[in-house]
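Have a look at the structure below, then the notes.
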Amino acid sequence: MKQNTIYVGGGFIEQQYPYILPIIFKYCENNNIKKIIFEQPPSSKFYQNKYLSKNLKKYIILNQQQIIPPFFRNKFLRFLFVSPKALIYALNLKRSNILNEKNFFKSEFNHAAWDTTLNISKNYLNPSLFIKILSSIKIYEIKMITKYLKKENLKAIFLNHSCYFYRAMLAEFRKDKKIQLFGQADFNIHHHETFKDSNPTMLKKIYAKYLKKKIKKRDVINYWKKRLSGYSIYESANDAHKKIKNVKNYEIPKNILMLHVFKDSSYGYLDKNRLFVDYADWLSFTLKIISNSKQTWGIKFHPIAKRWGENSHNIFQMFIDDLFEGKLPRNFKLINDEVSNYKIMQNADRLVTYWGTCHIESACFGLKPITARETQLSYYDKNLVLYPKNLKIYKKLLLTEENNIFKLKKNQIHTSRFLLYLREKVLNFVQDVNQHAITRGDSLRYINKNLKKNIQNIEKHKKFLENNGDILSSNFSHTVTKKYIQIIKKKYCD
């Protein structure tokens, strides 16, 4: 009889294991798990820690490679096996086809392939056929690996990414309803449903309603004040406060377009009813429309793009070259990197973004944002955000000279600040484990330094993290912070 097994993959790096493993250990204990298959097993460093070593030795630990047939471990043979299908698929992989597929699993596969293509391409507007082929090969490889994993009596999977080629893996696992699906993002582990994504900010409404009764109003108010003073869990927000002093004489436009990190996937949470295929599709359409506006538009680059190893200015110039023959429209103003997002939002009459933290920050300042897909605000209360259902409405919102429609009432502002508090003080446990987010641009030295510190500090955090393993075992949808873990356990787990 095969032993109960879980899989841990999706691109986890070792720096995450000190706070992920205690949650997983407790989940395994509660669910009679005997074997753990890792995409990348913990290194010898983890066996030098008494707590981690003791718990790892309770289970049969396998490397993903050990359950894959020998021929598929060979890169050349694997390439020969998947390349015919991948080549045919790549020839038909187009941006225009992504939203047209109605079959759920085919749609997931298409999104995975396109997302991977954009991730490895330097041309976000028109990826080459060669890049599409490389992407397709990777997608078909991961699909085969997933089929081998599914033969291992899996009871649950824990994925670090639900985007890029790992979305194809998630789609394959979704075909087996007996497997519990967990994703990780922003220091939160959350449960995916079979036909519906979850994300770290969208706690089920019934849970959010209960927590609203438990969270003190003054806590929400005080956190917002601290955030404005540069003390939050969100590093970009803290950086925003530091920049306020630099913009005394900087003229900021009243209409703002907030850009994103292009290298960061927009497919970690899929809204199949969205208007645009991806960031590039959204940005191209938006720039064309606002270039015809009678008003000046400020265009703000994402504050942590450089930490991602991205030159957003160069990427943005590709759009200007493609749409406007290389000349920046007269009514566009590229906003200085030193200008605080807070200062921008305090001054703005209208803010447009794809999605992301700035959409909820905008609402906290009383400005109803325009977004291009489902967001935390639209999920909880559609009146807090303008999420157009068709391009005609979106175009009208971009060009209107009426500003009153972008203003939120006092009670709506408080609701927005509560949702920000929920996002950052209830669902994101980064401060509880004394961690920092890792991005692609961070040095290996910085990452390894953090890893050593986190292994040493695991004794301080293990009980809290194990409690989160308990709530995931009880089918609560998200992990939560130390301040609220006992409230959740008492209500939903005991």
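What follows is calculated from the coordinates using simple rules that are stated; it is not laboratory data. On a predicted model such as this, the values are computed, not experimentally measured, just so you know. Methodologically, a virtual Cβ is constructed for each residue, glycine included, from the backbone with ideal geometry; neighbour enumeration extends over all protein chains shown.
Quick rundown of the values:
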quantity	calculated
Translational D in µm²/s for region 138-191 (Stokes-Einstein at 25 °C, 0.890 mPa s, Kirkwood Rh from C-alpha pairs)	216
Nearest-20 debye value, the chain charge dipole, Cβ charges on Lys, Arg, Asp, Glu	1360
Helix-only mean residue ellipticity at 222 nm for the chain, each DSSP H run of n ≥ 4 adding -39500 (n - 2.57), per residue, nearest 500	-14000 deg cm²/dmol
In region 281-379, GluC sites (Glu not before Pro) in a DSSP loop with at most 16 other beta-carbon atoms within 10 Å	E325, E338
Ranking of W297, W355 by count of other Cβ atoms within 10 Å, fewest first	W297, W355
Helix 458-473 axis, angle to the chain major axis (alpha carbon atoms, nearest 10°)	90
Fraction of antiparallel bridges per DSSP, region 206-426 only, in percent to nearest 5	5
Normalised contact order of the chain, rounded percent, pairs of Cα under 8 Å and 6 or more residues apart	18
Whole-angstrom Cα spans of region 328-450 along principal axes, big to small	52, 39, 27
Counting DSSP beta bridges with both ends in the chain, the antiparallel % (nearest 5)	15
Per-q log10 I(q)/I(0), the chain, q = 0.07, 0.09 Å⁻¹ (Debye; single scatterer per alpha-carbon; no solvent)	-0.39, -0.66
Computed Kirkwood radius, in angstrom, where 1/r is averaged over Cα pairs of region 206-426	18.0
Centre separation in Å (Cα based) which lies between region 171-233 and region 75-137	31
Residue exposure sequence - R423, R350, R95, R218 - by fewest surrounding Cβ within 10 Å	R218, R95, R423, R350
Footprinting exposure proxy for S232, S474 (fewest neighbouring C-beta atoms within 10 Å first)	S474, S232
Additional length obtainable on full extension of the chain from K178 to K213, 0.36 nm per residue less Cα span	9.2 nm
Per residue convex hull volume, Cα atoms of region 58-174, in Å³	119
Built amide H within the under 5 Å cut-off of I33, gap 5+	none
Distance (nanometres) between label positions extended 7 Å along Cα→Cβ at F324 and H436	3.6
Chymotrypsin sites (Phe, Trp or Tyr not before Pro) restricted to DSSP loop in region 160-227 with at most 16 other C-beta within 10 Å	F195
Additional length obtainable on full extension of the chain from K452 to L334, 0.36 nm per residue less Cα span	38.4 nm
Tail beyond 21 Å, pair distance distribution of region 422-494 (Cα, percent)	36
Two-decimal ratio, region 281-346, of alpha-carbon radius of gyration to 2.2 N^0.38 Å	1.15
Kirkwood-type radius of region 1-62, with distances r between different C-alpha atoms, in Å	11.9
Peptides ranked, highest mean first, by Cβ atoms within 10 Å: ranges 42-49, 66-73, 250-257	250-257, 42-49, 66-73
Descending principal axes extents, region 88-153, alpha-carbon based, whole Å	42, 25, 20
When each of K147/K178; K217/K460; K226/K425 is checked by Cα-Cα distance, pairs over 19 Å	K217/K460
